[in-house]
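Participant: Just dropping this structure here.
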Amino acid sequence: MMTLPSRLCPPQGMLEETFFDKTFLQKTFYILVCMIVSRQKYYFAWILGESLNLAAGFGFNGYDKTGQPRWDLMENVSIWDVELANSLKINIGGWNKRTLVWLRRVVYDRAPYHRTLAVFAVSAFWHGFYPGYYLTFGTAALFTIAARLMRRNVRPQFQDTQVKRHIYDAITFLFTRMANVYITFPFLTLELMTSIKVYAAQYFWLHLVALVAVVYYTVISPTPRTPRPPHAHNTVKQD
């Protein structure tokens, strides 16, 4: 079952034999363009809904530090963060923002263990029972954990010079772009075997990179956790 048809880059193309005959870079670029186009209808719906709420006066969110009124209470998407962020955390945080607030308060802040996994598990269940949803949120959970470990261990090595910081930002920008479409394309396919077939056509490369990062930084060369600040709540354990 395919959804979100597009004349520019039809999702059905991922089911055709010509797709699997493409090179690795061609397949990656096809999925990248396909997902960029598919996101536009969500942007349209969310921004239209936000506009209606603002017109009704529901978006007022207090004042900022300069005393200017804030009208972002009903903001549900940050297109800039989704499309141009160089961090997976920022990228995910810019999508469906009101639901993320609910997930943080109801799930993340209350789960005693494995809070990240709990959030993505609830997200998958909330969307429904198509296998594509569970592949998407399972992959997102793995990538979020891997990205957190990579940032904690690798980023400090690139902060001593401006040139290294720019290199790090460029690399993370590219990986975030690839991870975004790699995670979300099962939303188009929805079916289990179709999604796995497309993943296989890409050699599961980002899954392997994420798994290597998690295994290395948690088993082979674990990094000591940073102590929590004294004012932090003690009732919720870290993942």
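Participant: Any residue at all in the range 181-194 that's part of a loop (DSSP other than H, G, I, E, B), charged (D, E, K, R) and either closer than 30 Å to MET14 by Cβ or touching a strand residue (DSSP E or B) at 6+ places or on another chain (Cβ under 9 Å) (or both)? Explain how you work it out, then say what you get.
Facilitator: First pass over the range 181-194, keeping only residues part of a loop (DSSP other than H, G, I, E, B): 185, 190-191.
Checking the rest, the ones that are also charged (D, E, K, R) come to 191.
Checking the rest, the ones that are also either closer than 30 Å to MET14 by Cβ or touching a strand residue (DSSP E or B) at 6+ places or on another chain (Cβ under 9 Å) (or both) come to 191.
Yes, the range 181-194 contains a residue that is part of a loop (DSSP other than H, G, I, E, B), charged (D, E, K, R) and either closer than 30 Å to MET14 by Cβ or touching a strand residue (DSSP E or B) at 6+ places or on another chain (Cβ under 9 Å) (or both).
Participant: Checking TYR113 against (1) modelled with pLDDT under 95; (2) under 21 Å from PHE187 (Cα atoms); (3) not basic (Lys, Arg), only one condition comes out false. Which one?
Facilitator: Result: TYR113 fails condition (2) only.
Participant: Separate question: Considering only the range 147-173, how many residues are outside any helix (DSSP H, G or I) and either crowded, with 16+ Cβ neighbours inside 10 Å or of a type in the set (A, V, I, L, M) (or both)?
Facilitator: So the answer is 0.
Participant: Checking the structure you have, find out if any residue of the range 118-141 is hydrophobic (A, V, I, L, M, F, W, C), in contact (Cβ under 8 Å) with a residue 12 or more places away in the chain and not in a helix (DSSP H, G or I).
Facilitator: Within the range 118-141, not a single residue is hydrophobic (A, V, I, L, M, F, W, C), in contact (Cβ under 8 Å) with a residue 12 or more places away in the chain and not in a helix (DSSP H, G or I).
Participant: While we're looking at this one, here's another question. Looking only at the range 91-117, count how many residues are in a helix (DSSP H, G or I) and touching a residue at least 40 places away in the same chain (Cβ under 8 Å).
Facilitator: The total comes to 5.
Participant: May I ask you to say which residue of THR144, THR176, THR189 is surrounded by 15 or more Cβ atoms within 10 Å (Cβ to Cβ) and more than 18 Å from CYS34 (Cβ to Cβ)?
Facilitator: THR144
Participant: State which residue is modelled with the lowest pLDDT when the search covers only the range 1-18 and only residues that are in a loop (DSSP other than H, G, I, E, B) and among the charged types (D, E, K, R). Before you say what the answer is, go through the steps one by one.
Facilitator: First pass over the range 1-18, keeping only residues in a loop (DSSP other than H, G, I, E, B): 1-10, 16.
Now narrow it down to the ones that are among the charged types (D, E, K, R): 7, 16.
On the way: ARG7: 62, GLU16: 82.
Checking each candidate, the answer is ARG7.
Participant: Which of the residues spanning the range 149-175 are in contact (Cβ under 8 Å) with a residue 24 or more places away in the chain and hydroxyl-bearing (Ser, Thr, Tyr)?
Facilitator: THR172
Participant: Keeping to the range 78-97, report how many residues are within 20 Å of ALA141 (Cα to Cα) and either of a type in the set (S, T, N, Q) or in contact with a strand residue (DSSP E or B) (Cβ under 9 Å, 6 or more places away or on another chain) (or both).
Facilitator: Summing the residues that are within 20 Å of ALA141 (Cα to Cα) and either of a type in the set (S, T, N, Q) or in contact with a strand residue (DSSP E or B) (Cβ under 9 Å, 6 or more places away or on another chain) (or both) in the range 78-97 gives 9.
Participant: Could we say that THR99 is among the β-branched types (Val, Ile, Thr) and in contact with a Ser or Thr (Cβ under 9 Å, 6 or more places away or on another chain) here?
Facilitator: yes
Participant: Does THR161 satisfy the criteria of being among the β-branched types (Val, Ile, Thr), at pLDDT below 95, within 20 Å of TRP95 (Cβ to Cβ) and over 14 Å from the mean Cα position of the chain (by Cα)?
Facilitator: No, not satisfied.
Participant: Quickly run through the range 23-60 and pick out the residues that are surrounded by 12 or more Cβ atoms within 10 Å (Cβ to Cβ), among the aromatic types (Phe, Trp, Tyr) and closer than 30 Å to ALA201 by Cα.
Facilitator: Hits for the range 23-60 are PHE29, TYR30, TYR42, TYR43.
Participant: Of all residues in the range 19-50, which are of a type in the set (S, T, N, Q), in a helix (DSSP H, G or I) and farther than 14 Å from ASN180 by Cβ? Before the answer, list the steps.
Facilitator: In the first step, residues of the range 19-50 are kept if they are of a type in the set (S, T, N, Q); the result is 23, 26, 28, 38, 40.
Of the ones still in play, those that are also in a helix (DSSP H, G or I) are 26, 28, 38, 40.
GLN26, GLN40, listed by residue number.
Participant: Search the range 48-59 for residues that are within 12 Å of TRP71 (Cα to Cα) and pair each with any residue that is surrounded by 10 or more Cβ atoms within 10 Å (Cβ to Cβ) and of a type in the set (S, T, N, Q) when their beta-carbon atoms are under 9 Å apart and the residues are at least 6 apart or on different chains.
Facilitator: Hits for this filter: GLU50/ASN76; GLY59/ASN53.
The values are calculated or read from the model by the stated rules, or taken from the named source; none is laboratory data. It should be emphasised that the depicted structure is a prediction, and the values quoted were computed from it without experimental measurement. Reconstructed Cβ throughout: ideal geometry from the backbone, glycine too, with neighbour counts over all protein chains shown.
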